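The values are calculated or read from the model by the stated rules, or taken from the named source; none is laboratory data. As the structure is a prediction and not an experimental result, all values here were calculated from the model. Backbone-built Cβ (ideal geometry, glycine too); neighbour counts: all protein chains shown.
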Amino acid sequence: MVSRVKSNASERSLMIDGINKVGVVGLGVMGFDIAFLYAMRGCRTFVYDAAKVAMDSLPGRSEQTIERLKKRKRISDDEIESVRNGLIGAIGLKELAKMDLVTEAVSESAKTKLAVYEALREAGFAGILTTNTSSLARSFLLAGGVPDRSKFALTHFFNPVLYTQMVEVVKGDMETTNFDTMVSFLKRLGRTRRNQRYIGLRFQQHSHVLRRHGASAGSMWSAHRGR
């Protein structure tokens, strides 16, 4: 049976520009930290990994991460409560079908990622889908016609997610309203816009970088075109 982080009766959640419940698929280092960040910022976050050991270890990993952030004074009491109440182990991918946004963070294998997209589609998922990848082009993942391109983007979080406040977003031909909703969500996570310039990175279509240099420094949004 899947372990869950227990929520209290109030089951508090934060509506962020149309995004209330979110999901994360894949609980490796990146996937877990992304899910933890979502929950810490007040979103009810349902997570799933095909490996039973990853699901069983979810509560323990959450508490270890809380303690580590507390020692560094990087998490508030309210955020701790948000994680404990809002980071929830899903029984299967079908449970993520009701999410407003799902971030896929499985291994850098197109075959594995596409299998997740197909399973979500079969489950009836109709929300915004993002993939955490640094090596696969958006057009390549769309080639099979599985994700809805109007609701699909690359969101490459930089490691370590809970310390380095940078995420690169590849928009491509994602529908503008969906893109704006997703960007608003990312800004509420602490990824904000300061100025704009062009830089050269290697993603296929238009992409955007949201960056904050430390707690007291400014943040930067950069748009660029690559391969």
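Across the stretch 99-124, the number of residues qualifying as surrounded by fewer than 22 Cβ atoms within 10 Å (Cβ to Cβ) and either without any contact (Cβ under 8 Å) to a residue 60 or more places away in the chain or in contact with a Lys or Arg (Cβ under 7 Å, 6 or more places away or on another chain) (or both) comes to 15.
Every residue, every condition in (1) surrounded by 17 or more Cβ atoms within 10 Å (Cβ to Cβ); (2) within 20 Å of Ala39 (Cβ to Cβ); (3) at pLDDT below 90; (4) small (Gly, Ala, Ser), yes or no:
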| residue | (1), (2), (3), (4) |
| --- | --- |
| Val167 | yes, yes, yes, no |
| Glu175 | no, no, no, no |
| His208 | yes, no, yes, no |
| Arg212 | yes, yes, yes, no |
| Ser219 | yes, no, yes, yes |
| Ala223 | no, no, yes, yes |
| Gly226 | no, no, yes, yes |
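Within the stretch 1-40, the set of residues being at pLDDT 95 or above and in a loop (DSSP other than H, G, I, E, B) comprises Gly26, Leu27, Gly28. Here the stretch 127-146 is the region considered, the condition is being out of contact with any Lys or Arg (no Cβ under 8 Å at 6 or more places or on another chain) and in a loop (DSSP other than H, G, I, E, B), and the residue that is surrounded by the most Cβ atoms within 10 Å (Cβ to Cβ) is Asn132.
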